[in-house]
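The block underneath contains the structure these notes are about, expressed in structure tokens.
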Amino acid sequence: MKNAIEIVNLTKSYGDNTVFSGLTLSIPKGKTTCIMAPSGTGKTTLLRILMGLEECDSGSVTGLQDMKKSAVFQEDRLCENLSASANIRLVRRKSVHRQEKKEREEVRKAMEAAGLSGCENQPVRELSGGMRRRVALLRALYAEWDVLFLDEPFKGLDKEMKEKIMEYTKKSCEGKTVLFVTHEEEEALRMGEIYRLGESQ
Ligand SMILES: Nc1ncnc2c1ncn2[C@@H]1O[C@H](COP(=O)(O)OP(=O)(O)OP(=O)(O)O)[C@@H](O)[C@H]1O
């Protein structure tokens with residue numbers, strides 16, 4: 001199978017702290033790869049390198065050129081004064097009136113599926129932590145993307161809500177390339193193939 005992203009001999013240190021000393025990894029196209037590892041072993045650093053937000057010291061990453069990227073960061077990174085719905089719609093180019101109506105309806109449906117009905121027009125600064133997390137996730141999913149980076153997207157959600165949103169995310173990501181970072185084995189097993197960072201370095 002053709003690989004979407006090839007990471008070869010990647011090294012990265014912060015001063016004396018070596019995070020990667022020759023990481024080689026193939027991330028398959030059209031699937032969800034779940035990256036698991038103990039805290040502080042470099043999961044976020046890897047995502048940041050792949051997103052182009054951090055430089056590696058040596059090694060190469062190929063297969064990401066020209067791919068549209070979307071992400072849920074560890075922090076929600078929402079626009080506090082904008083409504084939940086406006087935060088989500090922000091990631092699409094401004095559309096003509098007829099499309100705007102369609103887009104509003106799409107977002108309303110997505111929010112309904114994520115248990116956020118009735119919050120469409122509420123500024124996100126008024127939402128709970130779990131609600132904000134879901135808005136951040138819906139926003140990332142709503143963007144136009146070829147590859148999606150998810151850094152602990154279900155953090156802070158209760159069991160029932162997590163079930164609901166995981167199912168929605170899984171459906172939305174079907175057949176697409178996703179890198180999913182989590183500490184929860186159960187989440188990883190549900191979402192895709194597990195890769196344990198550190199085992200093959
Ligand atoms: N900007 C930075 N400057 C210096 N050190 C950093 C920086 N970013 C990360 N690190 C260090 O790199 C290592 C890996 O951090 P990273 O956040 O990638 O781990 P992680 O596996 O995602 O952890 P967690 O599961 O706790 O989120 C840690 O030792 C961290 O202290």
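In segment 157-169, the qualifying residues are those that are open to solvent by 70 Å² or more (accessible area, probe 1.4 Å) and in contact (Cβ under 8 Å) with a residue 24 or more places away in the chain, and the one that is farthest from residue 6 (Cα to Cα) is 158.
Here residue 11 fulfils each of the conditions (1) more than 21 Å from the chain's Cα centre (by Cα); (2) open to solvent by 60 Å² or more (accessible area, probe 1.4 Å); (3) within 16 Å of the ligand (Cβ to nearest atom) apart from (2). Residues of segment 89-114 that are closer than 21 Å to residue 77 by Cβ, open to solvent by less than 90 Å² (accessible area, probe 1.4 Å) and not in a helix (DSSP H, G or I): 91, 92, 114.
Can you name every residue in segment 45-57 that is surrounded by fewer than 11 Cβ atoms within 10 Å (Cβ to Cβ) and more than 12 Å from the ligand (Cβ to nearest atom)?
Of the residues in segment 45-57, the ones surrounded by fewer than 11 Cβ atoms within 10 Å (Cβ to Cβ) are 52, 55.
Matches in segment 45-57: 52 only.
As a summary of the residue check, residue 62 satisfies the conditions (1) more than 18 Å from the chain's Cα centre (by Cα); (2) closer than 18 Å to residue 183 by Cα except for the one numbered (2). Filtered by the rule that a residue be within 16 Å of the ligand (Cβ to nearest atom) and aliphatic (A, V, I, L, M), segment 154-201 gives 179, 181, 188, 194, 197.
Residue under question is residue 78, and the condition is that it be away from the ligand (no atom under 16 Å from the Cβ), farther than 16 Å from residue 178 by Cα, touching a residue at least 40 places away in the same chain (Cβ under 8 Å) and open to solvent by 70 Å² or more (accessible area, probe 1.4 Å); does it hold? For residue 78, the condition - away from the ligand (no atom under 16 Å from the Cβ), farther than 16 Å from residue 178 by Cα, touching a residue at least 40 places away in the same chain (Cβ under 8 Å) and open to solvent by 70 Å² or more (accessible area, probe 1.4 Å) - is not met. No other residue among 70, 85 is more than 16 Å from the ligand (Cβ to nearest atom), over 18 Å from residue 153 (Cβ atoms), small (Gly, Ala, Ser) and surrounded by 13 or more Cβ atoms within 10 Å (Cβ to Cβ) apart from 85.
Here residue 16 passes the criteria (1) more than 12 Å from the ligand (Cβ to nearest atom); (2) farther than 25 Å from residue 135 by Cβ; (3) over 14 Å from the mean Cα position of the chain (by Cα); (4) of a type in the set (D, E, K, R) except the one numbered (1). Pairing residues of segment 31-57 that are among the basic types (Lys, Arg) with residues that are open to solvent by less than 20 Å² (accessible area, probe 1.4 Å) and near the ligand (Cβ under 6 Å from one of its atoms), at Cβ distances under 7 Å and at least 6 apart in sequence or on separate chains, gives 43/37. Restricting segment 19-44 to residues that are hydrophobic (A, V, I, L, M, F, W, C) and open to solvent by less than 20 Å² (accessible area, probe 1.4 Å) leaves a set whose member that is nearest to the ligand (Cβ to nearest atom) is 37.
Restricting segment 124-147 to residues that are assigned to a loop (DSSP other than H, G, I, E, B) and under 14 Å from the mean Cα position of the chain (by Cα), which is surrounded by the fewest Cβ atoms within 10 Å (Cβ to Cβ)?
Quick first cut of segment 124-147, residues assigned to a loop (DSSP other than H, G, I, E, B) only: 127-128, 143-146.
Filter once more, keeping what is under 14 Å from the mean Cα position of the chain (by Cα): 143-146.
Working: 143: 15, 144: 9, 145: 19, 146: 14.
The selected residue is 144.
The values are calculated or read from the model by the stated rules, or taken from the named source; none is laboratory data. Remember, predicted model here, so these are calculated numbers, not experimental data. Cβ atoms come from the backbone with ideal geometry, glycine included; neighbour counts cover every protein chain shown. Please note that ligands, DNA and RNA were not included when accessible areas were found on the heavy atoms of the full protein model with its side chains. Shrake-Rupley method; radii C 1.70, N 1.55, O 1.52, S 1.80 Å.
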